[in-house]
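The values are calculated or read from the model by the stated rules, or taken from the named source; none is laboratory data. Bear in mind the structure is a predicted one, so any value in this text is a computation, not a measurement. Don't worry about glycine lacking a Cβ; one is built from the backbone with ideal geometry, like all the others, and counts go over all protein chains shown.
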Ligand SMILES: C[S@@+](CC[C@H](N)C(=O)[O-])C[C@H]1O[C@@H](n2cnc3c(N)ncnc32)[C@H](O)[C@@H]1O
């Protein structure tokens, strides 16, 4: 029996609210993902500007950030583009699941010159309150990433949030409805091989994985197609982290809100002892290793509206 998404979300929101104070100390992989996301966006901006330059004197066209540019006001490299940005008025960035602002800070620094409004939102009020950039942005707490948060946006981003979304098609459909044609959604999440072999080891000591499995590439592609978004780029990789014990690994996961549903991980002291004893994924120095599997995706709303039942 699958759980009601509303119950899952209110549980996740309360878990993240509890974790908000200690979140930054444990969110190493999220930090790595934020850097990948930023690098991807910067390379898109550079590609965009190179394209503008090569099409110099061409007529109006729309970039992936939806800037309608004239041939003669092509954007230069990011660093030199601050002064002369005639098209920054009424251009919106929306960051979903922004949390404490690990991603917000660096994105703001690089993207602010290109946009007039930077809006951050999160399902958890406390996570939003802890956002280090709250003074520079417009914040919207208790904003569900499956419900359109604005009338329109020229760029949507989210870091390490998508894995908490029970229905990816609803999520992408809401992004579709607020993105301007030609604009993109860049996000990172955790993939279906995330934290393996932890889950296998847990299963061996009798702890089943009751929470939502992470999304596979196939699910991501299907949901994007159903919602009308084009998947422009998908990259996945592994990130290994070492812990002094299985218990500290489990504590970190719990702190980050993993468990994902009210059924979460329930594990006894005896099972933890068995895990410590059997744990096979050790580093040469005997540290317990965990292997995260982040992915990064770039989705674009086509320039011409596609007819699709989800978005009618
Ligand atoms: C792992 S944290 C990532 C926070 C931040 N983006 C970062 O990079 O550190 C996931 C965040 O997503 C939020 N979240 C979970 N489900 C959400 C939803 N349906 N809508 C909006 N935010 C959500 C959580 O409250 C939490 O702050």
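Specify the residue that is surrounded by the fewest Cβ atoms within 10 Å (Cβ to Cβ); the eligible residues are those in the stretch 94-113 that are within 7 Å of the ligand (Cβ to nearest atom) and in a loop (DSSP other than H, G, I, E, B). Among them, the one singled out is 100. Scanning the stretch 184-206 finds one or more residues that are more than 16 Å from the ligand (Cβ to nearest atom), assigned to a helix (DSSP H, G or I) and touching a strand residue (DSSP E or B) at 6+ places or on another chain (Cβ under 7 Å). For the condition free of Cβ contacts under 8 Å to residues at least 40 places away in the same chain, within 30 Å of residue 93 (Cβ to Cβ) and exposed (fewer than 15 other Cβ atoms within 10 Å of the Cβ), residue 208 does not qualify. Can you name the residue in the stretch 149-183 that is more than 12 Å from the ligand (Cβ to nearest atom) and assigned to a loop (DSSP other than H, G, I, E, B) and is also farthest from residue 239 (Cα to Cα) among such residues? Filtering first and then ranking leaves 151. Anything in the stretch 222-256 that is assigned to a helix (DSSP H, G or I), more than 21 Å from residue 267 (Cα to Cα) and either free of Cβ contacts under 8 Å to residues at least 60 places away in the same chain or out of contact with any helix residue (DSSP H, G or I) (no Cβ under 9 Å at 6 or more places or on another chain) (or both)? List them, or say none. Within the stretch 222-256, 222, 223, 225 qualify. Selection of the stretch 12-25 for residues being near the ligand (Cβ under 10 Å from one of its atoms) and under 23 Å from residue 249 (Cβ atoms) yields 12, 14, 15, 16, 17, 19, 20, 23, 24.
The selection criterion, being within 24 Å of residue 182 (Cα to Cα) and at pLDDT 85 or above, does not hold for residue 88.
The sole residue among 229, 249, 217 that is modelled with pLDDT under 95, touching a strand residue (DSSP E or B) at 6+ places or on another chain (Cβ under 9 Å) and surrounded by 14 or more Cβ atoms within 10 Å (Cβ to Cβ) is 249. Of all the numbered requirements in (1) at pLDDT 85 or above; (2) surrounded by fewer than 16 Cβ atoms within 10 Å (Cβ to Cβ); (3) under 20 Å from the mean Cα position of the chain (by Cα), residue 293 misses one, and that requirement is (2).
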